[in-house]
Amino acid sequence: MEYELENSIIDKMQPEFPEAAFTIKKARRVEVKMSSDKLYNFAVRMQKKWNFLHLSAISCVDWLQDNEFELIYHFWNYDEKVLVMAKIRIPREEESHFETISNLWQPAKFFERDIHEMFGVYFDGSEDMERFILTEWHGPPPMRKDFITREYALNFFHYREYDPEWLKDMTAAGEANE
Amino acid sequence: MEEKLTQRSVWEKISNKLSKRSLWMLHYCTGCGAIELPPTMTARFDMERFGISPMVTPRQADILLITGYLSVKTLKRVVLTYEQMQAPKYVVGFGSCTINGGMYWNSYSTMKCLDQYLPVETYIAGCMPRPEAIIASFNDLIAKIDRGEANSWKDYYKNYDFYKANQDRTFEGPIETYNDIKADAAMFNIK
Ligand code: SF4
């Protein structure tokens, strides 16, 4: 049978999370979409029961049209060598909130701090939500879709135009080609 | 300028002659262009032929080589490093990122024009410049020092308000510097 391993994993998980939607993306890659309040329970079971010991990453996607943030938790199982991506959606606000899982995985702190400064999602209950990489940053969270990088850069930094005579022929030729 | 040149004292001429052949370079390798420095320093192109050698601390260095883009975060460190260096000191902007942002021209976190924050002695164009270009620009710098024209470091003392305003605007507030630039300017007799 194709995807035997993946299906056996889903069969283990599905009874405990009946409304979660499991999909097999490809070999060894399982996606699960669930409501955000189930995530913590899911993470606990992942670590303690199903032996997914490694949290590879937490990533965030800004869905501007839906006014939602999508958080994706990547869990890895060393024995079965399967990656499970748990996807949840939370409302998109000026400062969105979600619960931390840093008490389960220490490295989650770094991912959460990173998401906080890049997207403005605050993780309640984490010990340390200080700035991580953008320590000298004063603007809005830069990875949000409504943050216009070019506009910000041109307003904030001094910019020097470079338009010498010798380049004009080449630019015109290039534009004519388009 | 001409007039000033003729007014150079004999001592200054001698010191320029000597210092042009003994330049210590602090390379601040932030950008990708830094990868061109190892061949420049080592046997292949061997910049020690020109008396230029890498130095690890700012206080003993003469050249501050900025290789590529600087994010606002590193720019702050560069300004502090620059202020620690002993005059005369020469900033060399390396690569198009230091000239007008290069391919990061619309990035939210990298500065675009280095000369808004530090007085740049010479730029090396290119993305990234070949070791030949680096050596050519060092030769230019050496010739400039010999002629007594490499004086952009004085500009930092003269126009400190301009540089300081740009720095403060970018860092959104004054930075904690350990050098009293105004007092240094008085010491060098620069107004
Ligand atoms: S000028 Fe080019 S090589 Fe140099 S730092 Fe910028 S992008 Fe990199």
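Among all positions in the range A:63-83, there is at least one residue which is in a strand (DSSP E or B), open to solvent by 20 Å² or more (accessible area, probe 1.4 Å) and aromatic (F, W, Y).
Residue-wise test of (1) free of Cβ contacts under 8 Å to residues at least 12 places away in the same chain; (2) touching a Phe, Trp or Tyr at 6+ places or on another chain (Cβ under 8 Å); (3) part of a loop (DSSP other than H, G, I, E, B); (4) open to solvent by 50 Å² or more (accessible area, probe 1.4 Å).
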site	(1), (2), (3), (4)
A:E2	yes, no, yes, yes
A:S8	yes, no, no, yes
A:D11	yes, no, no, yes
A:E19	no, no, yes, yes
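Any residue at all in the range B:162-174 that's of a type in the set (A, V, I, L, M, F, W, C) and either touching a strand residue (DSSP E or B) at 6+ places or on another chain (Cβ under 8 Å) or crowded, with 18+ Cβ neighbours inside 10 Å (or both)? No: the range B:162-174 contains no residue that is of a type in the set (A, V, I, L, M, F, W, C) and either touching a strand residue (DSSP E or B) at 6+ places or on another chain (Cβ under 8 Å) or crowded, with 18+ Cβ neighbours inside 10 Å (or both).
Here A:E95 does not fit the description of being of a type in the set (D, E, K, R), in contact (Cβ under 8 Å) with a residue 60 or more places away in the chain and open to solvent by 40 Å² or more (accessible area, probe 1.4 Å).
In the range B:68-94, of all residues being within 14 Å of another protein chain (Cβ to nearest Cβ) and touching a strand residue (DSSP E or B) at 6+ places or on another chain (Cβ under 7 Å), the one that is farthest from the ligand (Cβ to nearest atom) corresponds to B:V78.
Every residue, every condition in (1) at pLDDT 90 or above; (2) within 16 Å of the ligand (Cβ to nearest atom); (3) surrounded by fewer than 12 Cβ atoms within 10 Å (Cβ to Cβ), yes or no:
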position	(1), (2), (3)
B:E3	no, no, yes
B:T6	no, no, yes
B:V10	no, no, yes
B:K13	no, no, no
B:C29	no, yes, no
B:C32	no, yes, no
B:T57	yes, no, yes
B:Q60	yes, no, yes
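Restricting the search to helices (runs of 4 or more DSSP H) fully inside the range B:98-184 and requiring at least 2 residues that are in contact (Cβ under 8 Å) with a residue 60 or more places away in the chain and within 13 Å of the chain's Cα centre (by Cα) gives B:131-147, B:152-158. Against the test of being more than 14 Å from chain B (Cβ to nearest Cβ), in a loop (DSSP other than H, G, I, E, B) and under 21 Å from A:I58 (Cα atoms), the options A:E112, A:E130 yield a single qualifying residue, A:E130. Of all the numbered requirements in (1) surrounded by fewer than 17 Cβ atoms within 10 Å (Cβ to Cβ); (2) more than 16 Å from the ligand (Cβ to nearest atom), B:M103 misses one, and that requirement is (2). Within the range B:132-169, the residues that satisfy the criterion of being within 16 Å of the ligand (Cβ to nearest atom) and within 17 Å of B:W24 (Cα to Cα) are B:I134, B:S137. Here the condition is being open to solvent by less than 20 Å² (accessible area, probe 1.4 Å), within 16 Å of the ligand (Cβ to nearest atom) and modelled with pLDDT of 90 or more; of B:L65, B:L23, it holds for B:L65 alone. Checking each residue in the range A:142-162 for being away from every other protein chain (no Cβ under 11 Å) and either surrounded by 10 or more Cβ atoms within 10 Å (Cβ to Cβ) or within 20 Å of B:G101 (Cβ to Cβ) (or both) picks out A:R144, A:K145. The single residue among B:A136, B:A125 that is within 12 Å of another protein chain (Cβ to nearest Cβ) and either open to solvent by 40 Å² or more (accessible area, probe 1.4 Å) or among the polar types (S, T, N, Q) (or both) turns out to be B:A125.
Residue count for the range B:37-69 under the criterion of being touching a helix residue (DSSP H, G or I) at 6+ places or on another chain (Cβ under 6 Å), assigned to a loop (DSSP other than H, G, I, E, B) and hydrophobic (A, V, I, L, M, F, W, C): the result is 1.
The values are calculated or read from the model by the stated rules, or taken from the named source; none is laboratory data. Here the structure is a predicted model, which is why all the values come from computation and not from measurement. Glycine gets a Cβ as well: all are built from the backbone with ideal geometry, and neighbour counts include every protein chain shown. Just the protein is used for accessible areas: all its heavy atoms, side chains included, with ligands, DNA and RNA removed. Shrake-Rupley method; radii C 1.70, N 1.55, O 1.52, S 1.80 Å.
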